[in-house]
Amino acid sequence: MLENTRSLRNVFVYKCLFALTFWNHVSLSVENKLLKPVSNNFPEDGSDQKFNSLPLLYTNRHQSRASFEWVVIQNTTESLSLSEITNDNVKKLIALLSNFRQGSRLQNLTLTNVSVDWSALMEVFQTVWHSSIEYFSVNRVTQLSDIESYDFDYSGTSMKALTVKKILITDLYFIQDDLYRIFADMNIAVMTIAESEMIHMLCPSSDSPFRYLSFLKNDLTDFLFQNCDKLIHLETLILQENKFESLPKVSSMTSHMKSLKYLDMSNNLLRHDGADVQCQWAESLTELDLSSNQLADAVFECLPVNIKKLDLQNNQIGSVAKGVADLKSLEELNLASNRLADLPGCSGFPSLQFLNIEMNSILTPSADFFQSCPRVRELQAGHNPFKCSCELQDFMRLERQAGGKLFGWPSAYVCEYPEGLRGTELKDFHLSPLACNTTLLLVTALLLTLVLVAVVAFLCIYLDVPWYVRMTWQWTQTKRRAWHSQPKEQEAALQFHAFISYSERDAPWVKNELIPNLEKGEGCVQLCQHERNFIPGKSIVENIINCIEKSYKSIFVLSPNFVQSEWCHYELYFAHHKLFSENSNSLILILLEPIPPYVIPARYHKLKALMAKRTYLEWPKERSKHALFWANLRAAININLPTPDGNRCGETD
């Protein structure tokens, strides 16, 4: 009896080893997560006697204790990875997996490069379903034959998670339910079907135990799970990189998922135009990823009310309208890589703590952001085209007062405008308080204006500017009238050697000394005097201008009386104007009496300038010097004028 038992055991071991030998040409490895030998006779120092993988069993399979080696397979192997599964060896794979009944240590199985018929693939799945395996992963699967209906037995399984990647279906014409029903009704918590060009998935036949579903990188559309009320335990749904287009339909898909907490809809084609379409999201949904879609401003009209974490990165959002969104639970908001021109306020997000607004079009962030968002703990606003200005400096000042909440500071915050500051980090940008304080700047400008006005007014009064303006206007008007009333040749003709300007108080000297000595002496000098040469009917100013214009020289008899005369001032002004307008040397100054500087009024600044820069003739008190004085005066006049008979003054026929 003992020998029979020993014989049966040897047969069993032989069959097990035979089932393994066909993998000599197949890539096979086993990970021992618990590398503890069954017998205490094996050392724990990593020596050659320690079993690390199945290939080591092949080298030892001729040892006398082969049965012990199989015990090691069943009790120390937790992970098994096999590749290159074909129709030629799939039966042996199924036979091998059949030995790992529930209670065995094998929990993780990975199959890579599987190319088998549909029925063989289902047998592999069915065998795994009733084994000790809990986590099953299949990579790069090619289904060869026609897909047919298969009565899959889901009962009594240890399975928890299934991952299938890169399935290639060669059967172009099949009943979709025969394929999708197998996966839709699986009684496991976690399932991933990725990169398989899957276009549809059925709603489970009954309340599903699914808690995690991932259909990453497929071709699913808006028809997925519409009106499906069987995913009541689903908490996480990954639909990244598919072909969803309607955000309201996505919301409708989730409306029956009572336990859904996380939804990933990134990298799709989602739009929402806000055309009075109601969105019905699962009330349990707290995390939503809508990044890399085609969503615009209207997206805030179609969001879950209880959302806590929202990712809208890389869309087409230009602004966040106030009063549109009312997301009282929102704590994290990602708006990076959009088209925003300013920071959004928190009127619709009172609980916001983290905001990412990097890589937008923000030139000058609004300084009232920190008042609007007092709960924000971290703000990521770098990599925007900042315009370094007073408004930006106000924002930076308020940010520092709020406790330094900018993430990525300072390297991510660089001036883009103006061009002269491009590349300057914001921490190195500073403007004076006067340049940025509008009130202070206005007050300063107003004070400077008042001071300038006061100075100008003082100078105008001190220098008698209004008087000069009035005189200039009168001179211009007189010249214009003369231009229209007389020919140019007549206007330019000189009739007098000199025009005499003097104070009435100095008239005795002019009449008794100056005029007789010049007109009756040698040289035949013709003088213009207001008493005899002013034309009646014309204004005094016009007569003064005409006399000065018709005289070769202008003689000014200077004395303290002269500076007190208003008309003398007029005559001096017009003569001085002729001096500069005609670039002539027509002024002759006679100092009849010394004039103390303090006597000269401020408005006589031209007289002061003339006396300081020009040579004048001083009337000598000694009679012996009078002859020299008259000689010098005649020499200063020194011009021949035509007489009425056609001869020059001083010439005879």
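Mind checking whether some residue in the range 165-180 is within 18 Å of S83 (Cβ to Cβ), outside any strand (DSSP E or B) and open to solvent by less than 50 Å² (accessible area, probe 1.4 Å)? For the range 165-180, residues within 18 Å of S83 (Cβ to Cβ), outside any strand (DSSP E or B) and open to solvent by less than 50 Å² (accessible area, probe 1.4 Å): absent. Could you check the range 223-252 and list, in sequence order, the residues that are more than 22 Å from A194 (Cβ to Cβ) and open to solvent by less than 10 Å² (accessible area, probe 1.4 Å)? Passing the criteria: L247, S251. Would you pick out the residues in the range 135-175 that are of a type in the set (D, E) and free of Cβ contacts under 8 Å to residues at least 24 places away in the same chain? Residue satisfying the conditions is D151 alone. The residues of the range 263-297 that are without any contact (Cβ under 8 Å) to a residue 40 or more places away in the chain, open to solvent by 20 Å² or more (accessible area, probe 1.4 Å), touching a Phe, Trp or Tyr at 6+ places or on another chain (Cβ under 9 Å) and in a strand (DSSP E or B) amount to a single one, E287. Screening the range 362-388 for residues that are modelled with pLDDT under 85, more than 23 Å from S337 (Cβ to Cβ) and outside any helix (DSSP H, G or I) and picking the one that is most open to solvent (accessible area, probe 1.4 Å) gives D368. Comparison of N561, N640 shows that the only residue that is in contact with a helix residue (DSSP H, G or I) (Cβ under 6 Å, 6 or more places away or on another chain) and either at pLDDT 80 or above or open to solvent by 60 Å² or more (accessible area, probe 1.4 Å) (or both) is N561.
Count of the range 398-420 residues, restricted to those that are open to solvent by 30 Å² or more (accessible area, probe 1.4 Å), modelled with pLDDT under 85 and assigned to a helix (DSSP H, G or I), is 3. Does F629 count as open to solvent by less than 30 Å² (accessible area, probe 1.4 Å), in a helix (DSSP H, G or I) and modelled with pLDDT under 80? Criteria not met by F629. Screening A189 with (1) surrounded by fewer than 19 Cβ atoms within 10 Å (Cβ to Cβ); (2) out of contact with any Pro (no Cβ under 7 Å at 6 or more places or on another chain) gives one miss only, at (2). Given the structure, is L441 over 22 Å from the mean Cα position of the chain (by Cα), at pLDDT 90 or above and not in a loop (DSSP other than H, G, I, E, B)? When the stated conditions are applied, L441 does not pass them.
The values are calculated or read from the model by the stated rules, or taken from the named source; none is laboratory data. As the structure is a computational prediction, the values presented were derived from the model and not from experiment. Ideal geometry is used to build each Cβ from the backbone, glycine not excepted, and the neighbour counts take in all protein chains shown. The accessibility values were calculated without ligands, DNA or RNA, using every heavy atom of the protein model including side chains. Shrake-Rupley method; radii C 1.70, N 1.55, O 1.52, S 1.80 Å.
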